[in-house]
2 protein chains.
Amino acid sequence: MDNCLGAQRSRKIQRAFNQCKVTIFCLLLTVVVLRGTIGAGKFGTPGQDLAEIRDHLYSRKRAEPHRVLEEVQTTSSDEHAGADANAGTNNYNEFDIKKILVDEESDGLKHDPNEPYSLGPKISDWDEQRSRWLKENPKYPNFIGPNKPRVLLVTGSSPKPCENPVGDHYLLKSIKNKIDYCRLHGIEIFYNMALLDAEMAGFWAKLPLIRKLLLSHPEVEFLWWMDSDAMFTDMAFEVPWERYKDSNFVMHGWNEMVYDQKNWIGLNTGSFLLRNGQWALDILDAWAPMGPKGKVREEAGKVLTRELKGRPVFEADDQSAMVYLLATQREKWGEKVYLENAYYLHGYWGILVDRYEEMIENYHPGLGDHRWPLVTHFVGCKPCGKFGDYSVERCLKQMDRAFNFGDNQILQIYGFTHKSLASRRVKRVRNETGNPLEVKDELGLLHPAFKAVKVSSS
Amino acid sequence: MDNCLGAQRSRKIQRAFNQCKVTIFCLLLTVVVLRGTIGAGKFGTPGQDLAEIRDHLYSRKRAEPHRVLEEVQTTSSDEHAGADANAGTNNYNEFDIKKILVDEESDGLKHDPNEPYSLGPKISDWDEQRSRWLKENPKYPNFIGPNKPRVLLVTGSSPKPCENPVGDHYLLKSIKNKIDYCRLHGIEIFYNMALLDAEMAGFWAKLPLIRKLLLSHPEVEFLWWMDSDAMFTDMAFEVPWERYKDSNFVMHGWNEMVYDQKNWIGLNTGSFLLRNGQWALDILDAWAPMGPKGKVREEAGKVLTRELKGRPVFEADDQSAMVYLLATQREKWGEKVYLENAYYLHGYWGILVDRYEEMIENYHPGLGDHRWPLVTHFVGCKPCGKFGDYSVERCLKQMDRAFNFGDNQILQIYGFTHKSLASRRVKRVRNETGNPLEVKDELGLLHPAFKAVKVSSS
């Protein structure tokens, strides 16, 4: 009974909170529209503002919904936080895990509380090990074509059925979507359903997985992590690998928002490229400490909320932790990090999905950017769980549209298209022919240049 | 109300029918056990009998459950059937579609009723067209290694969410399973969710899809169709491509059961290999006529039930139609059809899933046969629909076990395994190391020989 009343009260508070959010949102929207009228910009600054506002209000990566309303508790960690503030420039390395671990009550963590969390034994010569292996294994080259690195796309979902009955259906459509893009672009897929490290559950689970895959697959040059709620919407766009020849880590984001503002959505870790090498192992090691479940993650969350702009109150998430890491250790990592915004390596769905018809009218696949986004990412929708940040109906409807938008580019190869962006059904748009090899699909995706590799059958 | 009473009566009849089946099954089982005691055999004849019995009783491919109890109607098609019987050897080509189409009432079919159904414009020079294209496109060879044809694995499911809430979760696990096998074996995947031809719905939908893919992808040497309810359970087994160098169509089955007995489960079309070429187009054209929805499919079903051994009453399915085609036109097709039973290109789940622990105890991956089946195929389970031929609980539980059985072979590459075949959770079985490249996974699946291809990066 108490639980019911508590839940009811929670919902009332949440509704009131939501109403306030709407009011504030409307005010901000007015400001932004005025800015847009006064100062022109591309998808640049006003749109950026809008995206930022919406992201800020809606795309919280919450581990559990009830955390929205948690107040920051005054604990000994505040002293700790206070000490940090007085110590000058906040340094990620000074995030004192040891202190937290010693202070905390035992919560069943498996590792020695006197030792910080580790993703695995320290390796310092991975570049050398890898280089040697590649020489000895010429049949597993790390480049499969000119300017074409071997890429492994990594994604995954829970091994449990979704709480929401249709959630698994959207996971299925999402992986089909990735299978299609990757087949066209000569990319392999690893779909993970195993929790390799119980301490790094939730959004942090990708870290042990990524490390494991990099070390197991030296032939992989780039590991492309992609969330299960992100879909490819430009099947013709090839990542400009050459652009990143001097970079090791590519995320969608903006330098100013990360390094100047320390904005918690200054970058997105839902879709990123990580080059295999020592540098990757090092940044994974530097990234991991805020992840371990329990007190460490909670306390880290407070630090992040305090230090980052716009971040709500909830436990540490990998994205915020990366913003913090880069902002506080720019000199160490910044040179090899490319914050890409010339195309949508990650594209926030909220500002894209209502424009699909306009895109079809005015543009074409292959652009990858605001005109035809490479990736539409349904942050905050959580189709697999029970509670998301948006209405279920809007999310699912838009996910169907995004899926069909991308799927149409596959279907047109074979002479079909969806009857509408809302429809599962397909219709023929090109007649069958007795000379199928003379057919050129409009997008040239049948036998794309970026897939052709010279293979020796000897 | 009438519908409810009708449904109740149906269920009572079905229960009685099921009880009779159990009795008959027990009797047959006794016979088989006696045979097994008297005459030894491999998984050969007694096991074959058992599989046959079980398949016969349980693995009906029904389009809809109520068809189980339909009586064969006496109609003009009986005259037609009678005429066929009097005409001597039944010939698939004499299956008189024209007559049926002319007789039938309009049921909304799109094509001209005076013309038989066609998968597309007749092509007679596909081998030449394809050969020319391959010469002109050396970057898309049909062989990607010595004795290694380019293979496209084709599978799919409905674009609608499953009626059964957990159905999509099993489809998701099934495609992950296929992604894993195909990644290891250098095979590409096409996951279909589009109904290309409304007339060829249900199990027949694969025919237009297969034809379309063969003609669009001349670089594909073998198309591997695999049902969504079939899973890979031997990750180390490579199909013996050399064995099929003179064959164009490989299905699991037995010559005697198809050609001598015309047994409707003499072969299985849930997992098969089809070589790209004119021969494939021709057999698809010969296969298709029994497929068109409505009167044609119904009447064809009656022919098949009458002509094939053990077939229950329901509309024509692709598998029965193939048995009939081969049995009645052996001289035309038989030489290029390889009915494989040395390993489980398709493995009926009923006789496999309870033996996984025994397999783990006594054998190892790489065998592909009854000792460690390549494919475990959950015929009759229908996890996506509402009604299957087996208890939902048994099906889902066994599908979890089969998935984990296969998944363990992937996880062991990375030093993990499921806690048990029933558990989603994984545990570590190999410690992390500072020299990951010295690790040899037991099965040699990390960098398998059958995947290595010599790639030129020029």
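The values are calculated or read from the model by the stated rules, or taken from the named source; none is laboratory data. Just so we're clear, the structure is a prediction, and the values are computed from it rather than from any experiment. Quick reminder, even Gly has a Cβ in these numbers, built from the backbone with ideal geometry, and neighbours come from all protein chains shown.
The selection criterion, being within 27 Å of A:Cys395 (Cβ to Cβ), in contact with a helix residue (DSSP H, G or I) (Cβ under 9 Å, 6 or more places away or on another chain), without any contact (Cβ under 8 Å) to a residue 12 or more places away in the chain and not aromatic (Phe, Trp, Tyr), does not hold for A:Pro159.
Cβ-Cβ distances below 6 Å connect the following pairs, each with a first residue in segment A:205-227 that is modelled with pLDDT of 95 or more and crowded, with 21+ Cβ neighbours inside 10 Å, a second residue that is among the hydroxyl-bearing types (Ser, Thr, Tyr) and part of a helix (DSSP H, G or I), and a separation of six or more residues or different chains: A:Lys212/B:Tyr414. Residues that are within 12 Å of chain A (Cβ to nearest Cβ) and more than 13 Å from the chain's Cα centre (by Cα) within segment B:211-230 comprise B:Arg211, B:Lys212, B:Leu213, B:Leu214, B:Leu215, B:Ser216, B:His217, B:Pro218, B:Glu219, B:Val220, B:Glu221, listed in sequence order. Any residue at all in segment B:187-202 that's touching a strand residue (DSSP E or B) at 6+ places or on another chain (Cβ under 8 Å), within 30 Å of B:Gly120 (Cβ to Cβ), more than 8 Å from chain A (Cβ to nearest Cβ) and in contact (Cβ under 8 Å) with a residue 60 or more places away in the chain? So far as segment B:187-202 goes, no, none of its residues is touching a strand residue (DSSP E or B) at 6+ places or on another chain (Cβ under 8 Å), within 30 Å of B:Gly120 (Cβ to Cβ), more than 8 Å from chain A (Cβ to nearest Cβ) and in contact (Cβ under 8 Å) with a residue 60 or more places away in the chain. B:Gly434 fulfils the conditions (1) within 14 Å of chain A (Cβ to nearest Cβ); (2) closer than 27 Å to B:Trp241 by Cβ except for a single criterion, (2).
Go through segment B:132-180 and give me each residue that's part of a loop (DSSP other than H, G, I, E, B), more than 8 Å from every other protein chain (Cβ to nearest Cβ) and not charged (D, E, K, R). Explain how you work it out, then say what you get.
Initially, segment B:132-180 is screened for residues part of a loop (DSSP other than H, G, I, E, B), giving B:137-142, B:146-147, B:150, B:157-166.
When the remaining residues are screened for being more than 8 Å from every other protein chain (Cβ to nearest Cβ), the result is B:142, B:147, B:150, B:158, B:163-164.
B:Asn142, B:Asn147, B:Ser158, B:Asn164 - these are the residues of segment B:132-180 that are part of a loop (DSSP other than H, G, I, E, B), more than 8 Å from every other protein chain (Cβ to nearest Cβ) and not charged (D, E, K, R).
Of all residues in segment B:181-199, those satisfying the criterion of being in a helix (DSSP H, G or I) and among the hydrophobic types (A, V, I, L, M, F, W, C) are B:Cys182, B:Leu184, B:Ala198.
Could you grab me the full set of residues in segment B:437-455 that are at the interface with another protein chain (Cβ under 10 Å from one of its Cβ atoms) and touching a residue at least 12 places away in the same chain (Cβ under 8 Å)? Hits for segment B:437-455 are B:Val439, B:Asp441, B:Leu446, B:Lys451, B:Ala452, B:Val453, B:Lys454. Of all residues in segment A:164-175, those being touching a residue at least 60 places away in the same chain (Cβ under 8 Å) and touching a Phe, Trp or Tyr at 6+ places or on another chain (Cβ under 7 Å) number 1.
Note on segment B:249-299: residues that are in a loop (DSSP other than H, G, I, E, B) and surrounded by fewer than 22 Cβ atoms within 10 Å (Cβ to Cβ) total 6. Among the residues of segment B:393-441, just one is surrounded by fewer than 16 Cβ atoms within 10 Å (Cβ to Cβ), within 16 Å of A:Leu215 (Cα to Cα) and among the small types (Gly, Ala, Ser), namely B:Gly434.
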